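Visitor: Dropping the structure in here first, questions after.
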Amino acid sequence: MNWNNAHDWADKANEEKEPKWSEPNWSFDCGLKLDFDGGLLHVSSRFYQVKENIYDGSVTFYIGDDEIFTREFSSRHIDNLRNDVEKYYRIARSQICDLLRSNRAVFIDGD
(Lines give C-alpha, C1' and ligand atoms only; values in the text may rest on other atoms or scores of the structure.)
Protein backbone atom coordinates (compact mmCIF):
# COMPACT_ATOMS: atom_id res chain seq x y z
CA MET A 1 0.00 0.00 0.00
CA ASN A 2 1.37 3.42 -0.89
CA TRP A 3 0.82 6.70 0.94
CA ASN A 4 -2.05 7.89 -1.31
CA ASN A 5 -3.86 4.53 -1.11
CA ALA A 6 -3.42 4.50 2.68
CA HIS A 7 -5.01 7.95 3.05
CA ASP A 8 -7.85 7.01 0.69
CA TRP A 9 -8.49 3.82 2.71
CA ALA A 10 -8.52 5.73 6.03
CA ASP A 11 -10.84 8.43 4.65
CA LYS A 12 -13.30 5.77 3.48
CA ALA A 13 -13.04 3.81 6.76
CA ASN A 14 -13.84 6.98 8.73
CA GLU A 15 -16.72 8.28 6.56
CA GLU A 16 -19.45 7.41 9.05
CA LYS A 17 -17.43 7.93 12.23
CA GLU A 18 -17.76 10.81 14.65
CA PRO A 19 -14.88 13.27 15.02
CA LYS A 20 -11.79 12.05 16.90
CA TRP A 21 -12.94 13.60 20.17
CA SER A 22 -15.99 11.32 20.12
CA GLU A 23 -14.74 7.98 18.82
CA PRO A 24 -11.52 6.47 17.46
CA ASN A 25 -10.66 7.00 13.80
CA TRP A 26 -8.38 5.05 11.46
CA SER A 27 -5.15 6.64 10.23
CA PHE A 28 -1.69 5.80 8.98
CA ASP A 29 1.43 7.33 10.48
CA CYS A 30 4.55 8.28 8.51
CA GLY A 31 5.80 4.65 8.52
CA LEU A 32 2.45 3.39 7.17
CA LYS A 33 1.66 1.87 10.57
CA LEU A 34 -2.12 1.59 10.89
CA ASP A 35 -3.59 3.34 13.96
CA PHE A 36 -7.09 3.29 15.48
CA ASP A 37 -6.90 6.26 17.85
CA GLY A 38 -9.23 8.83 19.32
CA GLY A 39 -11.41 9.91 22.16
CA LEU A 40 -13.59 7.82 24.38
CA LEU A 41 -14.44 10.07 27.31
CA HIS A 42 -14.94 13.80 26.91
CA VAL A 43 -16.10 16.67 29.07
CA SER A 44 -18.40 19.51 28.04
CA SER A 45 -19.04 22.57 30.19
CA ARG A 46 -21.05 25.77 29.83
CA PHE A 47 -21.21 28.68 32.24
CA TYR A 48 -23.28 31.83 31.97
CA GLN A 49 -23.00 35.08 33.83
CA VAL A 50 -26.54 35.29 35.21
CA LYS A 51 -25.95 38.38 37.33
CA GLU A 52 -22.98 40.61 37.83
CA ASN A 53 -20.15 38.34 39.02
CA ILE A 54 -22.37 35.26 39.40
CA TYR A 55 -21.62 32.37 37.05
CA ASP A 56 -23.93 29.36 36.74
CA GLY A 57 -23.39 26.27 34.66
CA SER A 58 -22.52 22.62 34.55
CA VAL A 59 -19.84 20.07 33.75
CA THR A 60 -20.98 16.95 31.89
CA PHE A 61 -18.98 13.79 31.23
CA TYR A 62 -19.71 11.79 28.08
CA ILE A 63 -18.59 8.50 26.62
CA GLY A 64 -19.06 9.01 22.93
CA ASP A 65 -22.43 10.77 22.71
CA ASP A 66 -23.83 9.10 25.85
CA GLU A 67 -24.18 11.44 28.82
CA ILE A 68 -22.77 9.75 31.93
CA PHE A 69 -23.19 12.40 34.64
CA THR A 70 -23.50 16.14 35.17
CA ARG A 71 -22.65 18.43 38.06
CA GLU A 72 -23.96 21.98 38.46
CA PHE A 73 -21.77 24.87 39.62
CA SER A 74 -22.44 28.43 40.72
CA SER A 75 -19.87 30.96 41.82
CA ARG A 76 -19.61 34.67 42.53
CA HIS A 77 -16.06 34.86 41.22
CA ILE A 78 -14.74 33.47 37.95
CA ASP A 79 -11.41 32.47 39.53
CA ASN A 80 -13.22 30.46 42.21
CA LEU A 81 -15.33 28.82 39.51
CA ARG A 82 -12.19 27.87 37.60
CA ASN A 83 -10.59 26.35 40.71
CA ASP A 84 -13.75 24.44 41.68
CA VAL A 85 -14.36 23.06 38.17
CA GLU A 86 -10.74 22.03 37.60
CA LYS A 87 -10.57 20.36 41.02
CA TYR A 88 -13.82 18.51 40.31
CA TYR A 89 -12.51 17.38 36.93
CA ARG A 90 -9.27 16.03 38.43
CA ILE A 91 -11.15 14.12 41.16
CA ALA A 92 -13.77 12.74 38.76
CA ARG A 93 -11.09 11.67 36.27
CA SER A 94 -9.12 9.92 39.01
CA GLN A 95 -12.23 8.13 40.31
CA ILE A 96 -13.22 7.03 36.80
CA CYS A 97 -9.73 5.61 36.23
CA ASP A 98 -9.76 3.83 39.60
CA LEU A 99 -13.20 2.37 38.93
CA LEU A 100 -12.19 1.11 35.50
CA ARG A 101 -8.91 -0.36 36.77
CA SER A 102 -10.63 -2.16 39.64
CA ASN A 103 -13.09 -3.71 37.16
CA ARG A 104 -10.73 -4.39 34.27
CA ALA A 105 -11.76 -8.06 34.04
CA VAL A 106 -15.18 -6.91 32.80
CA PHE A 107 -13.48 -5.31 29.80
CA ILE A 108 -10.80 -7.92 29.15
CA ASP A 109 -12.69 -11.15 29.89
CA GLY A 110 -16.25 -9.93 29.24
CA ASP A 111 -18.28 -10.70 26.16
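Visitor: May I ask you to say which residue of E15, E72 is loosely packed, with under 10 Cβ neighbours inside 10 Å and at pLDDT 95 or above? Outline the logic, then answer.
Guide: On the way: E15 fails: at pLDDT 95 or above.
The conditions single out E72.
Visitor: Among the residues of the stretch 24-40, which ones are surrounded by 13 or more Cβ atoms within 10 Å (Cβ to Cβ) and either at pLDDT 95 or above or closer than 29 Å to R82 by Cβ (or both)? Break it down into steps so the answer makes sense when it comes.
Guide: Let us first name the residues in the stretch 24-40 that are surrounded by 13 or more Cβ atoms within 10 Å (Cβ to Cβ), namely 24-28, 34, 38-39.
Scanning the stretch 24-40 gives G38, G39.
Visitor: Please find, within the stretch 87-111, the residue that is farthest from Q49 (Cα to Cα) out of those that are among the hydrophobic types (A, V, I, L, M, F, W, C) and within 19 Å of the chain's Cα centre (by Cα).
Guide: By that ranking, first place goes to F107.
Visitor: Looking at the stretch 28-86 only, could you name the residues that are on the phi > 0 side of the Ramachandran plot and among the charged types (D, E, K, R)?
Guide: Matches in the stretch 28-86: none.
Visitor: Which one of these is at pLDDT 90 or above, under 20 Å from I96 (Cα atoms), out of contact with any Leu (no Cβ under 8 Å at 6 or more places or on another chain) and of a type outside the set (S, T, Y): D79, D84?
Guide: Sole residue among the options that is at pLDDT 90 or above, under 20 Å from I96 (Cα atoms), out of contact with any Leu (no Cβ under 8 Å at 6 or more places or on another chain) and of a type outside the set (S, T, Y): D84.
Visitor: Ok, one more. Only one of D84, D56, D79 is over 23 Å from G39 (Cβ atoms) and under 20 Å from the mean Cα position of the chain (by Cα). Can you tell me which?
Guide: On the way: D56 fails: under 20 Å from the mean Cα position of the chain (by Cα); D79 fails: under 20 Å from the mean Cα position of the chain (by Cα).
Checking each option against the conditions leaves just D84.
Visitor: Quick one: in the stretch 1-23, of everything that is acidic (D, E) and in a helix (DSSP H, G or I), which residue is farthest from C97 (Cα to Cα)?
Guide: The first filter runs over the stretch 1-23 and keeps only residues acidic (D, E), leaving 8, 11, 15-16, 18, 23.
Filter once more, so that each one left must be in a helix (DSSP H, G or I): 8, 11.
Numbers: D8: 36, D11: 32 Å.
Checked the stretch 1-23; the qualifying residue farthest from C97 (Cα to Cα) is D8.
Visitor: Regarding the stretch 93-110, can at least one residue be identified that is among the acidic types (D, E), at pLDDT 90 or above and surrounded by 10 or more Cβ atoms within 10 Å (Cβ to Cβ)?
Guide: Yes, the stretch 93-110 contains at least one residue that is among the acidic types (D, E), at pLDDT 90 or above and surrounded by 10 or more Cβ atoms within 10 Å (Cβ to Cβ).
Visitor: List the residue pairs whose Cβ atoms are under 8 Å apart, where the first residue sits in the stretch 52-73 and is of a type in the set (S, T, N, Q), the second is exposed (fewer than 15 other Cβ atoms within 10 Å of the Cβ) and in a loop (DSSP other than H, G, I, E, B), and the two are 6 or more positions apart or on different chains.
Guide: Going by the 8 Å Cβ cut-off, the qualifying pairs are N53/R76; N53/H77.
The values are calculated or read from the model by the stated rules, or taken from the named source; none is laboratory data. Just so you know, these numbers come straight off a predicted model, no measurement behind them. We place every Cβ from the backbone using ideal geometry, glycine too, and count neighbours over all the protein chains shown.
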